[in-house]
Number of protein chains: 2
Amino acid sequence: MRISELSRRSAVPTATIKYYLREGLLPPGRATAATQAEYDEGHLRRLRLVRALIGVRGLSVSATREVLGAVAEHAGERHQVLGLVLGARPVDEGEEPAPAPGAAEVDALIGELGWEVSEYAPARAVLGETLETLRALGAGLDRAALRGYAELAERTAVLDLDQIDPQADPLEQAERALLRTVLMEPALLALRRLAQENESARREG
Amino acid sequence: MRISELSRRSAVPTATIKYYLREGLLPPGRATAATQAEYDEGHLRRLRLVRALIGVRGLSVSATREVLGAVAEHAGERHQVLGLVLGARPVDEGEEPAPAPGAAEVDALIGELGWEVSEYAPARAVLGETLETLRALGAGLDRAALRGYAELAERTAVLDLDQIDPQADPLEQAERALLRTVLMEPALLALRRLAQENESARREG
């Protein structure tokens with residue numbers, strides 16, 4: 001397909017596609033004339049992933065280039081590719097993660113649940129900091145409540161992974177997973193707010 | 001207690017407390033001398049709620065004054081007070097909510113689940129817009145998946161409401177509920193990210 005068709009099918013403007021080509025985020029098309037090139041479905045899938053990494057995950061162009069490089073190194077390892085695209089694991093695991101507030105409690109929870117997660121997962125720090133903040137405000141959670149939330153997260157993750165088409169191309173799987181993971185976040189929080197209102201009404205009788 | 005003690009117990013600086021007093025967010029203390037006043041536990045609870053409305057929910061001083069006014073009108077009606085403090089229902093229900101994208105799908109879901117939620121709940125619009133965005137990107141959810149997420153939200157809300165001490169003062173209940181609802185949001189999303197990584201690892205075997 002021509003660049004105009006690639007633009008139409010991806011909803012990414014032609015000028016932006018040319019910028020991604022110059023920045024090496026997309027491989028060049030097959031030249032058909034001095035100023036024309038032909039693109040294929042692989043370009044389209046990769047372009048969609050680039051758009052999701054920049055527009056939805058909010059990465060810079062250079063961070064996107066690093067993620068794509070790491071994804072290429074792990075092509076075929078679906079779990080690694082998903083982790084890289086979702087940001088569950090950093091591209092470069094060189095440094096030991098700094099001990100974050102609440103890390104011990106998070107480690108204990110993950111151990112108790114038997115979860116297999118990278119020690120570099122950024123979500124560990126987010127969780128630990130939140131638990132510390134709540135405790136400092138005198139609104140800390142007890143272990144049983146935290147465990148209850150974690151078990152509901154497990155079931156949410158099962159639903160999330162069920163949405164991924166196992167037949168799809170790995171880059172396409174990764175792009176869909178990224179869109180659904182990040183864009184569903186406000187919807188999940190909104191569902192919780194609505195469910196809270198309903199549950200509160202129910203308890204009042 | 002003196003203002004210094006009120007400051008210490010609430011972790012709100014004295015200058016900020018004086019500002020809230022001038023703005024009418026806190027009722028004056030009992031004057032004990034020309035420049036001294038005595039505050040009680042009621043002041044402390046109200047101050048904590050003010051701090052949570054401004055610092056955690058992000059309301060302006062004038063919006064906080066409106067919420068406190070509406071809370072005072074509904075004192076004793078726990079469900080109303082919680083809804084006002086959490087922002088589930090607006091202080092002024094004068095205007096019809098504008099039809100938002102995805103509203104029909106949200107209405108259908110809420111009807112199917114039998115949830116009792118205000119037609120003014122801001123979370124309705126957030127949910128509808130997210131569903132529309134996902135659909136526009138070709139990553140829409142089918143009805144069964146959406147229903148699955150909603151049922152997990154119901155169970156999350158049960159856990160949330162279980163954390164509220166039914167013996168506590170209503171303003172204190174509202175403040176705790178606000179802290180736990182808003183501050184838990186990043187923790188719940190972090191738990192989902194960790195659970196996704198674990199579930200992905202599990203499926204790879």
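The values are calculated or read from the model by the stated rules, or taken from the named source; none is laboratory data. Quick caveat: nothing in here was measured; it's all calculated off a predicted structure. No Cβ is skipped: glycine too gets one built from the backbone with ideal geometry, and neighbour counts run over all protein chains shown.
Here are some notes:
- Only one of the numbered conditions (1) among the small types (G, A, S); (2) modelled with pLDDT of 90 or more; (3) out of contact with any Ser or Thr (no Cβ under 9 Å at 6 or more places or on another chain) is violated by B:A136, and that is (2).
- Residue check for B:L189: at the interface with another protein chain (Cβ under 7 Å from one of its Cβ atoms), under 22 Å from the mean Cα position of the chain (by Cα) and either not in a helix (DSSP H, G or I) or not β-branched (V, I, T) (or both): yes
- Residue count, segment A:147-173 (criterion: charged (D, E, K, R) and farther than 19 Å from B:L188 by Cα): 4
- Unmet requirement for A:G29, which otherwise passes all of (1) buried (at least 16 other Cβ atoms within 10 Å of the Cβ); (2) touching a Gly at 6+ places or on another chain (Cβ under 7 Å): (2)
- In segment B:149-178, the residues that are part of a loop (DSSP other than H, G, I, E, B), more than 19 Å from A:R147 (Cα to Cα) and aliphatic (A, V, I, L, M): B:A168
- B:Q163 being among the polar types (S, T, N, Q), under 30 Å from B:A70 (Cβ atoms) and within 8 Å of chain A (Cβ to nearest Cβ): yes
- Among the residues of segment A:10-50, those that are touching a residue at least 60 places away in the same chain (Cβ under 8 Å) and charged (D, E, K, R) comprise A:R45, A:R46, A:R48.
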